[in-house]
Amino acid sequence: MDTGPEMDAAFFASWIEEAARAVSSDRERLTALDAAIGDADHGSNLDRGFTAVAHALGTAEPATPGALLTLVGTTLIRKVGGASGPLYGTFFRETGKALGDDAEVSLARLHAALEAGLAGVRALGSAAEGDKTMVDALAPALRALEEAVRDGGAPAGRAEAAGAIGAAASAARAGAEATVPLQARKGRASYLGARSVGHEDPGAASTALILAALHAVATRW
């Protein structure tokens, strides 16, 4: 049974706004990470995408969390080049679709929807944990979040929900850092073979940023 505080469209709009600010602030670091093992455009591409997302949300003003995240995903797919547009776009779009038409959602519902987003990313990129991709940050984050909502035990208050989201954000950051010693098995970085070892995966790094933004919004909620 879903329990705990309910999150509305305004909450999710704040998350995306915070994520856009985080990506913009960290754009150069993300691009530098990508320069080491990719196309050197991850930060600039994501920044452009989230700028387009902010414009789309300001124009459409979706009324439900599901509609909002679906629009985020669709916009990222249209506006972001490389692999990150389809991957992040799929993540947000599948999350939004899983939330449906409800005006408010609980933490348990959000966790289930984020799992649907992760499933979409896995299906699109054929990536598993250990492949040195965004999955290495996203999967452990959702496991940490699951611990808070398992067996219907979602946190009863906003402070507890923020703590659960904080645990997910911390797990994402740890997962991103754990990609440094890995050899890439998916994406452009995989072409480097052993030379991909010693570098943090930019997709995992940006995933950690986006989940940290969710935590920041939850602490102010």
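The values are calculated or read from the model by the stated rules, or taken from the named source; none is laboratory data. Source: prediction; values computed, not measured. Counting neighbours? That spans all protein chains shown, and the Cβs are built from the backbone with ideal geometry, glycine included. In case anyone asks, the SASA skips ligands and DNA or RNA and just uses the protein heavy atoms, side chains included. Shrake-Rupley method; radii C 1.70, N 1.55, O 1.52, S 1.80 Å.
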Using every alpha carbon pair in the chain, what percent of pairs falls into each 5 Å bin from 0 up to the bin containing the largest distance? 1, 8, 15, 21, 22, 16, 10, 5, 2, 0
Report the Cα-based extents of segment 35-100 along its three principal axes, largest first, to the nearest Å. 40, 23, 14
Ordered by residue, what ³J(HN,Hα) values in Hz, to whole numbers, does segment 172-177 give under the Karplus form 6.51 cos²θ - 1.76 cosθ + 1.60, where θ = phi - 60° and Gly and Pro are x? 5, 5, 5, x, 5, 5
Across 10 Å bins from the origin, how do the percents of Cα pairs in segment 1-57 run, short distances first? 23, 37, 23, 14, 3
Using the Kirkwood radius over Cα pairs, work out the Stokes-Einstein diffusion coefficient for segment 126-221 at 25 °C and 0.890 mPa s, in µm²/s as a whole number. 179
May I ask you to give the percent of accessible area on segment 100-147 that is carbon plus sulfur, with a probe radius of 1.4 Å? 48
Using just the Cα positions, wrap segment 175-221 in a convex hull and report its mean projected area in square nanometres, one decimal place. 3.3
Length-normalised contact order for segment 63-221 - Cα pairs under 8 Å, 6+ apart - percent: 20
Hey, what number do you get for the chain at 222 nm if only DSSP H runs of n ≥ 4 count, each worth -39500 (n - 2.57), divided across all residues, to the nearest 500? -23000 deg cm²/dmol
For segment 91-146 the translational diffusion coefficient, Stokes-Einstein from a Kirkwood Rh over Cα pairs at 37 °C and viscosity 0.692 mPa s, in µm²/s, is roughly 284
Would you please put 9-17, 59-67 in order of how densely packed they are, using the mean number of other Cβ atoms within 10 angstrom per residue and starting with the highest? 9-17, 59-67
Give me, ordered by chain and number, the residues 5 or more places off MET7 or on other chains with an amide H under 5 Å from its own placed amide H. VAL105, SER106
Quick check for you: with a 1.4 Å probe and neighbouring chains kept, what is the accessible area per residue of segment 1-77, in Å²? 42
Angle between the Cα long axis of helix 135-149 and the longest principal axis of the chain, 0 to 90 degrees, nearest 10? 20
